Amino acid sequence: MVKKLFLKLLVFYQKFLSVISPGSCRYYPTCSEYAKWRIENENVFKAIFFIVLRILRCNQLFAGGIEYPIITKKLDCIKKRDAINIKYWLIPKDKNRYYLIKNFSKTKV
């Protein structure tokens, strides 16, 4: 319920409010995309903590650049017969921690 509310607020922001100041984010993915990815893949309160830190770093005192979300996740095996849509790729960082990268193609496994 809370996740859906935050995601709807983010979509509203991306469609209507972010067009006022295009290209102002110093990071890739943008702060709103970063927030969306975090909320979809983590506990809401943990996600909000990292989103606030990211927004506080989005200013002239920090260099910016590429900063993908790093999430902690235990992966389960996927059975061959199950067809799944891949929305995000998890790139290993260290034990049980992964970079979260969005899949822009329509890949089915």
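The values are calculated or read from the model by the stated rules, or taken from the named source; none is laboratory data. Everything quoted here is computed from the prediction, not taken from an experiment. Neighbour counts run over all protein chains shown; Cβ positions are idealised from the backbone, glycine included.
Points worth noting:
- Beta carbons closer than 7 Å, at least 6 apart along the sequence or on distinct chains, pair a first residue in the stretch 73-102 that is within 18 Å of residue 33 (Cα to Cα) with a second that is at pLDDT below 80 for 86/107; 86/109; 90/73; 98/73.
- Counting the residues of the stretch 1-32 that are exposed (fewer than 12 other Cβ atoms within 10 Å of the Cβ) and not aromatic (Phe, Trp, Tyr) gives 13.
- Residue identified as touching a residue at least 24 places away in the same chain (Cβ under 8 Å) and farther than 22 Å from residue 105 by Cβ among 44, 19, 52: 44
- Checked against the criterion of being outside any loop (DSSP other than H, G, I, E, B) and either of a type in the set (A, V, I, L, M, F, W, C) or on the phi < 0 side of the Ramachandran plot (or both), the candidates 9, 75, 61 yield just one match: 9.
- When each of 77, 58 is tested for being surrounded by 15 or more Cβ atoms within 10 Å (Cβ to Cβ) and modelled with pLDDT under 90, the lone residue that passes is 58.
- Taking the numbered list (1) loosely packed, with under 13 Cβ neighbours inside 10 Å; (2) assigned to a loop (DSSP other than H, G, I, E, B) in turn, residue 68 passes all entries but (1).
- Residue within the stretch 22-31 that is out of contact with any Lys or Arg (no Cβ under 7 Å at 6 or more places or on another chain) and touching a residue at least 60 places away in the same chain (Cβ under 8 Å) present: yes
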